[in-house]
Amino acid sequence: MNAHLSPTHYENGTDPQVIAILENLWPNGILNVNLSFGDPEDGSVTFNTKGYIGRSNGAKPILLLMKNRRDWNGMPIATHRILRIATNEGNVLYQHPNYGPPLMIVAKRPGGAKVILSQTGNSESSVLFESLEADQEYVAKYS
């Protein structure tokens, strides 16, 4: 960490490994990462997102998820809810011990459309796709 910068503020309960990885990622902002968020207690994934790690300015800076490297603003990162950090190439930088990828089942619906039923922890959801290619892309990306 640079001595002239205020230390990054992290939520209570953030894994020290997550802090170390994110502190290495935000200064250069050149690595596009996939983040999985959820409940660290049971490892259930709530959602996945991707972007570049940036940081806010001010007396109590926080990490931000940026759409691209040129962004000046982004979404605050709930660091205490990170279950997995991976590169777009699939290299896993961090994985919580309780992490469990969502269970996904592909089912055919009348008319050839596909539906993906997913279950993580105590929650269930479904996604409807118009083509086999679209559902295969989704499963490959999030499983």
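Points to keep in mind about this one:
- Any chance Tyr52 is within 16 Å of Val18 (Cβ to Cβ), assigned to a strand (DSSP E or B), at pLDDT 75 or above and among the aromatic types (Phe, Trp, Tyr): no
- Leading residue by the ranking (farthest from the chain's Cα centre (by Cα)) among those in the stretch 40-54 that are surrounded by fewer than 17 Cβ atoms within 10 Å (Cβ to Cβ) and within 19 Å of Val92 (Cβ to Cβ): Thr46
- Close contacts from the stretch 11-33, counting a first residue that is within 15 Å of Arg55 (Cβ to Cβ) and a second that is at pLDDT below 85 and of a type in the set (D, E, K, R), with Cβ to Cβ under 9 Å and a gap of 6+ residues or different chains, come to Gly29/Arg69; Ile30/Arg69.
- Output for the stretch 77-104, where each listed residue is within 19 Å of Asn24 (Cβ to Cβ) and part of a strand (DSSP E or B): Ile82, Leu83, Arg84, Ile85, Ala86, Thr87, Val92, Leu93, Tyr94, Gln95
- Flag for Asn57 being within 15 Å of Thr87 (Cα to Cα) and either surrounded by fewer than 18 Cβ atoms within 10 Å (Cβ to Cβ) or free of Cβ contacts under 8 Å to residues at least 40 places away in the same chain (or both): no
- Every test in (1) within 16 Å of Glu11 (Cβ to Cβ); (2) at pLDDT 85 or above is passed by Thr46 save one, and that test is (2).
- Within the stretch 72-87, the set of residues being in contact with a Gly (Cβ under 7 Å, 6 or more places away or on another chain) and over 18 Å from Val45 (Cα atoms) comprises just one member, Gly74.
- Subset of the stretch 58-104 (residues that are of a type in the set (S, T, N, Q) and in contact with a Ser or Thr (Cβ under 9 Å, 6 or more places away or on another chain)): Asn73, Thr79, Gln95, Asn98
- Taking the stretch 63-73 as the range and being in contact (Cβ under 8 Å) with a residue 24 or more places away in the chain and either crowded, with 16+ Cβ neighbours inside 10 Å or under 16 Å from the mean Cα position of the chain (by Cα) (or both) as the test, the residues that pass are Leu63, Leu65, Met66.
The values are calculated or read from the model by the stated rules, or taken from the named source; none is laboratory data. Model, not experiment: these values are computed from the prediction. Glycine gets a Cβ as well: all are built from the backbone with ideal geometry, and neighbour counts include every protein chain shown.
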